[in-house]
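Step one of this worksheet: look at the structure below.
The values are calculated or read from the model by the stated rules, or taken from the named source; none is laboratory data. It should be emphasised that the depicted structure is a prediction, and the values quoted were computed from it without experimental measurement. Cβ sites come from the backbone with ideal geometry, for glycine too, and all protein chains shown count toward neighbours. Accessible surface is based on the protein model in full, side chains and every heavy atom, while ligands, DNA and RNA are left aside. Shrake-Rupley method; radii C 1.70, N 1.55, O 1.52, S 1.80 Å.
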Amino acid sequence: MGKTTAEKIFASHLVDEPFPGTKVLKLDVVMCHEITTPIAIDDLMARGKDRIFDTSKIKAVIDHVTPSKDTKTATQAKILRDWAHRHAIKDFFDIGANGVCHAIFPEKGFIRPGYTVIMGDSHTCTHGAFGAFAAGIGTTDLEVGILKGVCAFREPKTIRINVTGTLPKGVYAKDVILHIIGKLTVNGATDRVMEFRGTVIDAMSMESRMTLCNMAIEAGGTSGICMPDMTTVDYLWPFISSEYPSKDAACADFKKWCSDDDAIYDSTLNIDVTTLEPTVTFGYKPDQVKPVSEIAGTPVDQIYIGSCTNGRLEDLRIAAAILKGRKLAPGVRGILSPATPDIYQAANKEGLIDIFMEAGFCVTNPTCGACLGMSNGVLADGEVCASTTNRNFMGRMGKGGMVHLMSPATSAATAIEGKIADPRKYL
Amino acid sequence: MKTFGGPVLFLDRSDINTDEIIPAKYLNEITKQDLKPFILEDLKLPGFDPNGGKTKNAKVIVSRANFGCGSSREHAPWVFEVNDITAVIAESFARIFRQNMFNCGMAAIELPKEDLDLIFKHADDSDANISIDLEAQTLTMSGGGKSKVFTFTISPFDKALVMAGGWVDYADRKY
């Protein structure tokens, strides 16, 4: 009987099965940020166990509120910074070099097919785009991960999601994943891996695959997973070229992690995207989605382009192509937060930053800030934001504020009109 | 090991998320105790007051499906813990929240919808109380002069975590 990617990773990383149904896995990467890690560090210190299982496997970044906005957030940053220095953690990213965790860590080549990855952050599922098993966990699991390099899981079943057809103009990975969440509902994938398959996924860039996998958690999924292929190799090549004689050799090696043809799935969802419209959320749950045609005209106060979902160069290019030579609608605020310094610099060199600024956008440094209502673009009571982020819970971007999730293209069109707008007319 | 059971806070809605349990703006707190006043601050439900007596007295929360969805923040179980709520009973949980509860030595107990419908009939009883016997995997709902016993299952691993007082102690001993 064949195995899924997740089953292969579980089998190859199994340390212990303390009870039937519980599998303790060896970890390849433990990621840390300044919101959920400091309490783990404090607790380890209080226990007299301020140790790390393997500093080369720790990746740490200050990203959620950076630069710090007040004494409390500065203290959180300091705890993480001091810990990284104390343990000589090489892969630590501080101000000047820091970016949103799920954008900067892949960019640095830290994730490989077949890896196990955890972080005290629910959107860790993003890294499954590389054919890894990547799961968000809480601070206690993080603490044990830091100390022992292991994490316990119920072995998830896998939902196979076949995405076929032709992606229409103006429709992107974000629209596809919002549509899928609408089908699965917010807990349709709980304790499940969402495996994205099909010709549409095969043709997607790594950036688009990360957008897809990023939102697996919004359907309750443990990890998103895409099959590693030559696109994965091309993205990772600067980091792996010394390990393989050729790209073909790397690809052949990566393919061992692909699900077998006779793997058993918990269920299968078939999506033909040929007639899919740009998709937008309308309520306070990410499964409340509508085609843009049914929600166009809804007024907004703020546009936010950024985050671990859609703050990558590809996203900025798409939004800039629509905004070029155009202006934000009067009375509407636009905020762009490129997800990493490299993305920011590349966008600057390409002239994209000029386009955003000429349109009237405020361009901020890379940070999670506004997405979770902590800094850098928090909404007032009653305000509405058109956002490329991943979560539209009531008050998510500020108490009493409302969020409509959408693609960078739809956000850009919405910025021009000041109300939710169909991007296709600008393409 | 923690103790479980006592007065009940009924939250009759599915998909109660971690932002409603503890808004992200409080994630800059460094100690668990500092979270205490902000429990369920952004939860909007008819008749529910995050600062009301029912919230203050509660030792057990009863809710519906997909409780604790959203963020990985362990601040969600912690804000319950520092308010002396050590058990949540629901039709289902989001994975990360559920594991965070057991990792902290707290209990996330799943019951079928039919059982929860019976339990929710006590929502207006001023003396609504649930006692929990984790070893026997039973809980007793009492209130309004009535009482009924329900059985539940939790995984042997999760039970072991509660008995050990949480995952750090368990893992440190074993791995």
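Loop sites only, by DSSP: take the GluC sites (Glu not before Pro) in chain A that have at most 14 other C-beta atoms within 10 Å and name the longest stretch containing none of them.
Value returned for the longest uninterrupted segment is A:1-242.
How high is the relative contact order of chain A, given as a whole-number percent (alpha carbon pairs under 8 Å, six or more residues apart)?
17
What is the mean number of Cβ atoms from other protein chains located within 10 Å of the Cβ atom of each residue in peptide A:212-218, rounded to a whole number? Please report the intermediate quantities before stating the final value.
Values: counts 0, 0, 0, 0, 0, 7, 2.
Taking all residues of A:212-218 together, the mean is 1.
At a Förster radius of 25 Å, what calculated FRET efficiency corresponds to the Cβ-Cβ distance of B:Ser126 and B:Thr31, to the nearest 0.05?
Working: r = 34 Å, r/R0 = 1.34.
The pair B:Ser126/B:Thr31 has a calculated efficiency of 0.15.
From the Cα trace of segment A:241-293, what convex hull volume per residue do you get, rounded to a whole Å³? Kindly include the intermediate steps, with their values, before the conclusion.
Numbers: hull volume 10.7 nm³, N = 53.
Per-residue hull volume (Cα only) is 203 Å³.
Using a 1.4 angstrom probe and counting only protein chains, how large is the accessible area of A:Lys247 in Å², to 10?
The accessible area of A:Lys247 comes to roughly 80 Å².
Counting just the Cα atoms, what span does chain B cover along each of its three principal axes? Round to the nearest Å and put the largest first.
Projected onto the principal axes, the Cα atoms of chain B cover 47, 37, 23 Å.
Based on the Kirkwood radius over alpha-carbon pairs, what is the Stokes-Einstein translational diffusion coefficient of segment A:35-155 at 37 °C with 0.692 mPa s viscosity, in µm²/s? Mind dumping the intermediate values first?
On the way: Rh = 14.7 Å.
It diffuses with D of about 223 µm²/s by this estimate.
If I build a Gaussian network model for chain A, linking alpha-carbon pairs within less than 10 angstrom, which residue out of A:Ser68, A:Ser407, A:Ser223 has the largest mean-square fluctuation?
Comparing A:Ser68, A:Ser407, A:Ser223 in the GNM, the peak value goes to A:Ser68.
What's the long-distance tail for segment A:123-230, i.e. % of Cα pairs beyond 19 Å? Don't jump to the answer; show the numbers that get you there.
Numbers: 2388 of 5778 pairs.
So the portion of pairs separated by more than 19 Å is 41 percent.
What relative contact order, as a whole-number percentage, does segment B:103-156 give when Cα pairs under 8 Å and 6 or more residues apart are counted? Kindly include the intermediate steps, with their values, before the conclusion.
Values: 59 pairs, mean separation 16.4, N = 54.
About 30 percent, as a whole number.
How well do other chains shield peptide B:26-37, expressed as the mean number of their Cβ atoms within 10 Å of each residue Cβ? Please report the intermediate quantities before stating the final value.
Numbers: counts 2, 12, 16, 4, 7, 2, 3, 0, 1, 0, 0, 0.
Partner Cβ neighbours, averaged per residue: 4.
Can you give the relative contact order of segment A:157-272 as a percent, counting alpha carbon pairs under 8 Å and 6+ residues apart?
On the way: 173 pairs, mean separation 43.2, N = 116.
Relative contact order comes out at 37 percent.
Students often forget the sequence filter, so: which lysines lie under 21 Å Cα-Cα from A:Lys285 once same-chain residues fewer than 8 apart are removed?
A:Lys174, A:Lys183, A:Lys399, A:Lys419, B:Lys25, B:Lys44
Would you tell me the mean number of C-beta atoms belonging to other protein chains that fall within 10 Å of each C-beta in A:360-369, as a whole number? Can you show the working numbers first?
Details: counts 0, 0, 0, 0, 0, 0, 0, 0, 1, 0.
Across A:360-369, the average partner-chain Cβ count within 10 Å equals 0.
Mind checking how much accessible area B and A bury in total, 1.4 Å probe, in Å² rounded to 100? List each step's numbers first, then the result.
Values: alone 8510 and 15870 Å², together 20290 Å².
The contact between A and B buries close to 4100 Å².
For segment A:115-165, what is the Kirkwood hydrodynamic radius in Å, using each pair of distinct C-alpha atoms?
On the way: mean 1/r = 0.0826 Å⁻¹.
Taking every pair of different Cα atoms in segment A:115-165, averaging 1/r and inverting gives 12.1 Å.
Give me the percent of DSSP beta bridges within segment B:4-174 that run antiparallel, rounded to the nearest 5. Write down the numbers at each step before the final one.
On the way: 14 of 26 bridges.
In segment B:4-174, approximately 55 percent of DSSP beta bridges are antiparallel ones.
Give me the Å³ per residue figure for the convex hull around the C-alpha atoms of chain A.
Values: hull volume 58.3 nm³, N = 427.
Each residue corresponds to 136 Å³ of Cα convex hull volume.
Would you mind checking the pairs A:Lys59/A:Lys148; A:Lys108/A:Lys290; A:Lys69/A:Lys90 and listing those with alpha carbons more than 24 angstrom apart? Walk me through the numbers on the way to the answer.
On the way: A:Lys59/A:Lys148 15 Å; A:Lys108/A:Lys290 36 Å; A:Lys69/A:Lys90 26 Å.
Violating the 24 Å limit, Cα to Cα: A:Lys108/A:Lys290; A:Lys69/A:Lys90.
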